[in-house]
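First comes the structure, then the notes that go with it.
The values are calculated or read from the model by the stated rules, or taken from the named source; none is laboratory data. Worth saying up front: this structure is predicted, and the values here are computed from it rather than measured. Cβ: placed from backbone, ideal geometry, glycine included. Neighbour counts: every protein chain shown. Ligands, DNA and RNA are stripped out before the accessible areas are found, and what is left, the full protein with its side chains, is counted by its heavy atoms. Shrake-Rupley method; radii C 1.70, N 1.55, O 1.52, S 1.80 Å.
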Amino acid sequence: MTWLADTRTSYDTVAVQYSDQVRNSPTENPYVRSTLALFADLVSGGPVADVGCGPGHVTAHLRKLGLDAFGIDLSPGMIDVARREYPDTRFAIGSMTDLPLPDASLGGLITWWSLIHVPAEELPGVFAHFRRVLRPGGTLLVGFHEGDRINRKTQGYGGLPMNVHVHLHPVARMRTWLTAAGFAVESETVLTPADKAPAAIVFAR
């Protein structure tokens, strides 16, 4: 799939610069900090996958909160950075479109703004994988850009070249996809920062 190759190449290119920019983001924003703490409280046991983990900053933060968290990302460049920055944490290369995990093996799964480059027609299959690998009652946390449009990103993170599409979705549409995949949506929150697109956070089981 072309979009997968473009996403991989783009994030390989910006991996170091992206890591420098987001390293402290799990603790800087009080809404993010409280959301991740709530996720840690809701996970009842078992390993937690950070799918689309990027340079591993959220994975590492979840481990500090007491979770047995590990990261998976499409970009080998991102995984190299994550392993270098957090050598005591597990990271692996993989795609959420073909998630390399056994059935019912996770207590929790987080996808933190890592769905944004996945075309809408691929998301039902992605959520089916998430449902497959979570145990009954397992907690899913989804963060994404709220809206109803697609933007093309050709540059980012230090001005380096990228070639990805950024997909914004209404919360109601995300709820429909999750419900169809077998999840029960428990909480929906939309943050509205003045200088950025609205940010949506959904908890489901």
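Annotations
- Qualifying positions in region 174-205 - touching a Gly at 6+ places or on another chain (Cβ under 8 Å) and open to solvent by 60 Å² or more (accessible area, probe 1.4 Å): R205
- Answer residue from region 15-34, given it is over 17 Å from the mean Cα position of the chain (by Cα) and of a type outside the set (S, T, N, Q) and is most open to solvent (accessible area, probe 1.4 Å) among those: E28
- Any hit, region 171-189, residues being among the polar types (S, T, N, Q), under 19 Å from M96 (Cβ atoms) and in contact (Cβ under 8 Å) with a residue 12 or more places away in the chain: no
- Of the residues making up region 151-179, those that are within 28 Å of R132 (Cα to Cα) and hydrophobic (A, V, I, L, M, F, W, C) are V164, V166, L168, V171, A172, M174, W177, L178.
- Residues in region 1-34 that are under 17 Å from A200 (Cα atoms) and without any contact (Cβ under 8 Å) to a residue 24 or more places away in the chain: N29, P30, V32, R33, S34.
- Identity of the residue in region 158-173, under 18 Å from the mean Cα position of the chain (by Cα) and open to solvent by less than 50 Å² (accessible area, probe 1.4 Å), that ends up farthest from A199 (Cα to Cα): V164
- Total residues in region 92-113, condition open to solvent by 20 Å² or more (accessible area, probe 1.4 Å), in contact with a strand residue (DSSP E or B) (Cβ under 6 Å, 6 or more places away or on another chain) and of a type outside the set (A, V, I, L, M): 2
- Checking A60, A37, A69 one by one, the residue that is surrounded by fewer than 15 Cβ atoms within 10 Å (Cβ to Cβ) and either in contact (Cβ under 8 Å) with a residue 24 or more places away in the chain or small (G, A, S) (or both) is A37 and no other.
- Some residue of region 176-187 being farther than 17 Å from L123 by Cα, hydroxyl-bearing (S, T, Y) and assigned to a loop (DSSP other than H, G, I, E, B): no
- Only one of F144, F127 that is assigned to a helix (DSSP H, G or I), free of Cβ contacts under 8 Å to residues at least 60 places away in the same chain and surrounded by 14 or more Cβ atoms within 10 Å (Cβ to Cβ): F127
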